[in-house]
Structures are given as structure tokens and as C-alpha cells.
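> One structure coming up, written as C-alpha cells, with questions to follow.
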Amino acid sequence: MFNRRRLTQLMAAAALAPASLSAQGRPPLTRIAFGSCADQAKPQPIWDAILEYHPDLFIFAGDNVYGDFNTADATNLRRAYERAETIPGYVALRQGVDHLAVWDDHDYGINDGGGDFPHKAIAKELFLDFWKVPADDVRRTRDGIYDAQIIGPPGMRVQVILMDLRWFRSPLKPSDQRGAPGKERYVPDPDPAKTMLGPAQWDWFADQLFKPAEVRLIVSSTQVLAEGHGWERWGNFPLERQRLLDTIRRSGAKGVVLLSGDRHVGALYRETPTDHYPIYEVTSSGLNMVYWAANEPGPNRVGALYPAANFGVVDIDWWERKIVLALRDEGGTPRRSVTLGFDDLQIGRG
Ligand SMILES: [Fe+2]
């Protein structure tokens, strides 16, 4: 169980109202944690380790509750959020740690769902309310829930770009051999009309990459780099996957790292596009939903899958110019990690 004294401390800290994420004079981020796939109906002991890590930012990377529903009143999703509010560690994190959130299919409301989900408007309203998005936030008036923040002083800025992989996404192409290795649910669809982000979000995303920041964390609830499996991933639409990498390359943006979830397994991935520095992806999943028998060929994977409860971390040492990307287990122990120099990601000297 969560340490009660620590919980009390965090509650007291929360009462002081943490500084706004974009506040001037805010110190640089050095300890960022993230995770996905938290079923509110099952125990969530991992919050103890996450709180002990003392992140200065936590990113909820999707499937933050499991609230699939098919009624206009979204009863199951409402109940899921209400239940999450009763989990001590989840509550302590939300009250005591600055955080950002994006949804995936199970807090969107339908397994593997996309733009044709008829109840997405109510799901969005519940999402924005649960995450306490202000009434004047642009997400209240535009389609989808995509968002971006730049945090930290000049020379030590982290940009977090949170993509919406649900609201606009075209229908996936079902597998012709459901369950077969590499074709578990879906097969790649090279149709150029198919979209992951939709036109408005694509334009917005390309613009974000020109904003000033030293490190850019691009959060995609579904995996970007992973290849070789037939579950959800950007490779379901290969042209869109390539467009994402091309958009990053053409922008000249440095310091890009991808964060993802969804899979019920954790892993690190790396791909080096032509004329580009290596792009790393940390997939952290799940906070309590894991598939211990998972298997995938993983041509781009760095090390083995980690198919037990985990959270991801991005440790930034601005002075040593190093970034550690890691997956930590339920006890907080790093299980997969890679250390990158700023030079590896072509991050300039302030
Ligand atoms: Fe998911």
C-alpha cells in the first residue's frame, strides 16, 4: 500500500497549488515519468514507485482508464473516471505532480477505435473535465484533444507534443489471418487517403516542430517505430508513418524522442532515418495491464520486451548533456535503459 505519511505530504504540497507548467522562472525539467494502460478495476501498486521516483512531470500516455462504452450517456466511461478517483496513488500523483494527458482507445471509449466512433464528443468532454482542462483552453473548441507545452528556461526547454491518435484516424485494414504472427489484428494499408492525424492536426504538428525547444518529447499513444507485429501501430498506415519521420526530418528539429504506450508490454526502439540522427522510442505499458506472454520480432527494438508492469522515465542532465531513457518496474528498478549524449540527438549548446 501507498505510504500514508508520504501521501499526506503530497496532499499538503498540492494544497499549495503547483506552479503552472508554463510559468516563467520555472527550473528545467530533469525527471520526467510517463505510463499508460491503467485499469481502474485492478490494483495499481506501481504508483508507489512512481511517486518515490519524484518526477517533476508525469505524462499519462493513454488508456488512463478503461471505460469502453456504447451508450450515448457514456455511463461506463463516467464510472471508470469515478473509480480512478478512489485509487490513492493515482490521486496523489494527480494532486501532487504536474502532469499532462492524452487518450488512447480505452479512454476514448472503444477498443482500437478511430474517427468513426459515434460517441467521441461525450468522451472528449469527460476527458477534458477529468483532466481539469480550463474552460478557455483551445481543446474545448477544436476537434480532438491534441496539445503541446514547452517547459523550462531558454537553453533547457522540453517540448511535450501530445498527439491525438483517435479522433481523426481512418478505419484500419483488418487482418486476413487474424491471430497469425505479424498479422494479429491488422495489416498495413498503403491507401494514401488514410490518415492517422487528420489534416488540421498534421498542420498543427508540423508548426510545433518550429517552436524553440532543446528536447522534444513526441507522445503518440500507439507505437511509431515498432515493426513486425499486427497490432495497432503507425505501420498500419505506412505512408503516414513515413510522413511523420519526413516531417521531423524536414523541420530540422533536434532532440526528438518518441514516447508511446498501448501495447501491454514495454520496450525501447531505435530507427535512424536517412539523413537523420537516430530516433528513439520508449513504449511504456502498462501501469497495471500487462501481457506476460507477449512476443514480437522487433527489428527496430533495443533489447528484449519487458512484459511486466512498468513506467517510463526520461532523465535529463542538462549539465552533463545526457539523457537516460528507461523502463522501471513496479519496485522502481530500471529494467531497460539507454543513455544518450545530447550530441547523439544533435542538441546544440545553448
Ligand atoms: Fe490502447
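> Under the condition of being more than 24 Å from Pro307 (Cβ to Cβ) and touching a residue at least 40 places away in the same chain (Cβ under 8 Å), which residue from segment 253-272 is nearest to the chain's Cα centre (by Cα)?
Restricting to residues being more than 24 Å from Pro307 (Cβ to Cβ) and touching a residue at least 40 places away in the same chain (Cβ under 8 Å), the top hit is Val256.
> For segment 173-203, name all the residues that are among the polar types (S, T, N, Q) and within 22 Å of the chain's Cα centre (by Cα).
Going through segment 173-203, the residues among the polar types (S, T, N, Q) turn out to be 175, 177, 195, 201.
Result: Thr195, Gln201.
> Which residue pairs have Cβ atoms closer than 6 Å, lie 6 or more positions apart in sequence or on different chains, and pair a first residue in segment 228-250 that is modelled with pLDDT of 95 or more and in a helix (DSSP H, G or I) with a second residue that is of a type in the set (Gly, Ala, Ser) and away from the ligand (no atom under 16 Å from the Cβ)?
Every condition considered, the pairs that remain are Thr247/Ala206.
> Which pairs turn up if I take residues in segment 273-294 that are farther than 17 Å from Gly35 by Cβ and look for partners that are away from the ligand (no atom under 13 Å from the Cβ) and of a type in the set (Phe, Trp, Tyr) with beta carbon separation below 8 Å, at least 6 apart in sequence or on another chain?
Partner pairs satisfying both residue conditions: Tyr280/Tyr269.
> State all residues of segment 297-308 that are within 16 Å of the ligand (Cβ to nearest atom) and surrounded by 20 or more Cβ atoms within 10 Å (Cβ to Cβ); if no residue qualifies, say none.
none
> Shifting gears a bit: If you go through segment 199-227 one residue at a time, how many are in contact with an Asp or Glu (Cβ under 8 Å, 6 or more places away or on another chain) and within 19 Å of Ser260 (Cβ to Cβ)? Spell out how you get there, then give the answer.
Step one: list which residues in segment 199-227 are in contact with an Asp or Glu (Cβ under 8 Å, 6 or more places away or on another chain), which gives 200-201, 221-226.
Filter once more, so that each one left must be within 19 Å of Ser260 (Cβ to Cβ): 201, 221-226.
Of the residues in that region, 7 qualify.
> Can you name the condition, by its number, that Pro334 falls short on among (1) in contact (Cβ under 8 Å) with a residue 60 or more places away in the chain; (2) in contact with a Lys or Arg (Cβ under 6 Å, 6 or more places away or on another chain)?
Of everything listed in (1) in contact (Cβ under 8 Å) with a residue 60 or more places away in the chain; (2) in contact with a Lys or Arg (Cβ under 6 Å, 6 or more places away or on another chain), Pro334 misses just condition (1).
> Hand me the list of helices (runs of 4 or more DSSP H) wholly inside segment 85-195 holding 2 or more residues that are surrounded by 20 or more Cβ atoms within 10 Å (Cβ to Cβ) and in contact with a Gly (Cβ under 8 Å, 6 or more places away or on another chain). Walk me through it before giving the result.
Values: elements: 88-96, 105-108, 120-130.
So the answer is 105-108, 120-130.
> For segment 49-67, which positions are hydrophobic (A, V, I, L, M, F, W, C) and either within 11 Å of the ligand (Cβ to nearest atom) or touching a Lys or Arg at 6+ places or on another chain (Cβ under 7 Å) (or both)?
If we filter segment 49-67 for residues that are hydrophobic (A, V, I, L, M, F, W, C), which is where we start, we get 49-51, 57-61, 65.
Answer for segment 49-67, where residues must be hydrophobic (A, V, I, L, M, F, W, C) and either within 11 Å of the ligand (Cβ to nearest atom) or touching a Lys or Arg at 6+ places or on another chain (Cβ under 7 Å) (or both): Ala49, Leu51, Ala61.
> Please determine whether any residue of segment 39-48 is among the acidic types (Asp, Glu), more than 16 Å from the ligand (Cβ to nearest atom) and modelled with pLDDT of 95 or more. Give the steps one after another, and end with the answer.
The first filter runs over segment 39-48 and keeps only residues among the acidic types (Asp, Glu), leaving 39, 48.
Still in the running and more than 16 Å from the ligand (Cβ to nearest atom): 48.
Of the ones still in play, those that are also modelled with pLDDT of 95 or more are 48.
For segment 39-48, residues among the acidic types (Asp, Glu), more than 16 Å from the ligand (Cβ to nearest atom) and modelled with pLDDT of 95 or more: present.
> If you don't mind, another one. Any residue that is aromatic (Phe, Trp, Tyr), assigned to a loop (DSSP other than H, G, I, E, B), under 30 Å from Gly109 (Cβ atoms) and at pLDDT below 95 - is there at least one of those in segment 55-70? Talk me through it step by step, then tell me what you get.
Quick first cut of segment 55-70, residues aromatic (Phe, Trp, Tyr) only: 58, 60, 66, 69.
Filter again for assigned to a loop (DSSP other than H, G, I, E, B), leaving 66, 69.
Going one step further and asking which of them are under 30 Å from Gly109 (Cβ atoms), we end up with 66, 69.
Next, only the ones that are at pLDDT below 95 stay: none.
No: segment 55-70 contains no residue that is aromatic (Phe, Trp, Tyr), assigned to a loop (DSSP other than H, G, I, E, B), under 30 Å from Gly109 (Cβ atoms) and at pLDDT below 95.
> Would you please name the residue that is surrounded by the most Cβ atoms within 10 Å (Cβ to Cβ), looking only at residues in segment 223-278 that are aromatic (Phe, Trp, Tyr) and within 16 Å of the ligand (Cβ to nearest atom)?
The residue in question is Trp234.
> Something else now. How many of the residues in segment 92-125 are away from the ligand (no atom under 16 Å from the Cβ), acidic (Asp, Glu) and closer than 22 Å to Asn70 by Cβ?
Here is the first cut: in segment 92-125, the residues away from the ligand (no atom under 16 Å from the Cβ) are 92-100, 116, 118-119, 121-122, 124-125.
Adding the requirement that they be acidic (Asp, Glu) leaves 98, 116, 125.
Checking which are closer than 22 Å to Asn70 by Cβ leaves us with 116, 125.
Qualifying residue count, segment 92-125: 2.
The values are calculated or read from the model by the stated rules, or taken from the named source; none is laboratory data. Keep in mind the model is a prediction, meaning the values are calculated, not measured. Note that each Cβ is placed from the backbone with ideal geometry, even for glycine, and that neighbours are counted across all protein chains shown.
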